[in-house]
1. Residues in the stretch 1-37 that are open to solvent by less than 30 Å² (accessible area, probe 1.4 Å) and not in a helix (DSSP H, G or I): how many?
2. Take the residues in the stretch 69-104 that are open to solvent by 20 Å² or more (accessible area, probe 1.4 Å) and within 19 Å of the chain's Cα centre (by Cα); name whichever of them is farthest from LEU159 (Cα to Cα).
3. For the stretch 391-419, enumerate the residues that are acidic (Asp, Glu), within 20 Å of GLY248 (Cβ to Cβ) and open to solvent by 50 Å² or more (accessible area, probe 1.4 Å).
4. I'm trying to understand the selection: among the residues of the stretch 433-468, which are assigned to a loop (DSSP other than H, G, I, E, B) and either among the hydrophobic types (A, V, I, L, M, F, W, C) or buried (at least 18 other Cβ atoms within 10 Å of the Cβ) (or both)?
5. Looking only at the stretch 56-112, count every residue that is of a type in the set (Phe, Trp, Tyr) and in contact with a Gly (Cβ under 8 Å, 6 or more places away or on another chain) and tell me the total.
6. Looking at the stretch 231-250, is at least one residue of a type in the set (S, T, N, Q) and more than 20 Å from the chain's Cα centre (by Cα)?
7. Looking at SER260, SER223, SER207, which is the one that is in contact with a strand residue (DSSP E or B) (Cβ under 8 Å, 6 or more places away or on another chain) and among the polar types (S, T, N, Q)?
8. Which one of ALA40, ALA48 is in the same structural domain as LEU464 (by the TED database), closer than 27 Å to LEU142 by Cα, open to solvent by 80 Å² or more (accessible area, probe 1.4 Å) and not hydroxyl-bearing (Ser, Thr, Tyr)?
Amino acid sequence: MSQATAPATLEQILAAAADAAGTAAAATPAQRAGWLNAAADALDASAAELIALAAEETHLPASPRLQGELKRTTFQLRLFGEVLADGAFLGATVDHADAAWPMGPRPDIRRLLTPIGPVLVFAASNFPFAFSVAGGDTASALAAGCPVVLKAHSGHPELSARTGEVLREALVKAGAPEGIFAVIYGQQNGVTALKDPRIQAASFTGSVPGGRALFDIATSRPSPIPFYGELGSVNPVVVTRAAIDARGEAIAKGYAGSFSLGAGQFCTKPGLLFLPEGHGLEDTLREAVSAIPAQPMLNERIAAGFAEGLAKLRDVAGVEVLSESGGAEGISHGATLLATTAKAFLADADTVREECFGPASLIVTYADQAELISLLGVMEPGLTATIQGEESDVDWIRPVLPSLTRVAGRLLWNDWPTGVTVTWAQEHGGPYPATTAPTSTSVGTAAIERFLRPIAWQGFPDALLPEPLQENNPWGLPRRTDGKR
């Protein structure tokens, strides 16, 4: 299944997706919720088989990691079923004709979000379930009413094939059209599909170079399309003096566990730790990091990339290794914690400020609030920014917050970023290079908005309006009518 999809098969898949788009869009929210729930049930029923394949291909532990990830995957499918039942995602808005409207007589205008059309999803390597074949991008696109063409990741081809079979069979058996979902293989086929005019939007989770190349293709098409890419992120953590005094040991141990979790192969791994000068946590950090065992990385390519990135960090003037554990053997690596000063951090233009994907992180010491703000001011944006502080820090932290909101889509207080729950309020995004679309999220219920576009209906007779906009509101959806909810 790792062989590239044949050109004729790719054409059939794209044509089927285009044919299915109208049927999928016309399905009621309740029907689409039924598709998603059926898919979740089928994946749960195949859990043992799928988890075994995932463990073999990705080197990730079956328990608790892959078991938890598959549970997350089926949970988010069912959660989007709740989004569909709620109905607010359609943004149904009715403005009745009003001859006395202050801008002049107003015609009858009704607005609704509608599926954008077939979506191309590029699966990720580091989450073989939650960000892959049946992951969040697929779930949100299907919930929106969009057929999905899934470009499998080369890191887990057999898992992708089997997951795709289970997912497609369940969807079609539940009543979805035949072309609702398909998996394709091969890097060039992903590019070919992205250029195809039948594809109306695309999503991606992966590296900055890969994501940027695909983004450029998507936006330079004769008819450009939205491209929702999640790329690189350093995810800084700021620790205050009061927090160190109150619970420094717990912070040090928590940080070590967070940046090494899953061999550091999380997009939300904290890559920078800002500590006040004279923090006194060196021994605790050394002890915590030295106890972390070497862990296998996803594949040889990622392990080699980590080794190269770590070597570059070690070579930066002013950077020293504070602690490291285990050693490199094959695709396995121990954890490495490095340290530098604010002066050295500000002097280096690139290396210390870029993501090093794997179990490594960098401490940067700051003298005072002003220096911390200057350090944050030169950072590239990312997905998260964390504060470890105390209630007594409120006045000290407040001037720092604008710098943190500039560089992150999710701010955390006394928590760790390696954990992105699927919920209604979640935001998993941020300014470039965290994502190519900072107004969106790829996790949480709001992810459905990426694959919908608005249409306004002006002056239409009720019989020709979509059901959510008809006067008697036959679906019983929440609406804004004449400015009132």
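1. Total satisfying the criteria: 2.
2. Going through the qualifying residues, I end up with ARG78.
3. Across the stretch 391-419, the qualifying residues are GLU391, ASP415.
4. PRO433, ALA434, THR436, ALA437, SER440, THR441, SER442, VAL443, GLY444, PHE460, LEU465
5. 0
6. yes
7. SER260
8. ALA48
The values are calculated or read from the model by the stated rules, or taken from the named source; none is laboratory data. Every value quoted in this text rests on a predicted model; they were computed, and no experiment measured them. When we count neighbours, we look across all protein chains shown, and the Cβ atoms used for this are built from the backbone with ideal geometry, even at glycine. To get the accessible areas, we keep the full protein, side chains included, count just its heavy atoms, and leave off ligands, DNA and RNA. Shrake-Rupley method; radii C 1.70, N 1.55, O 1.52, S 1.80 Å.
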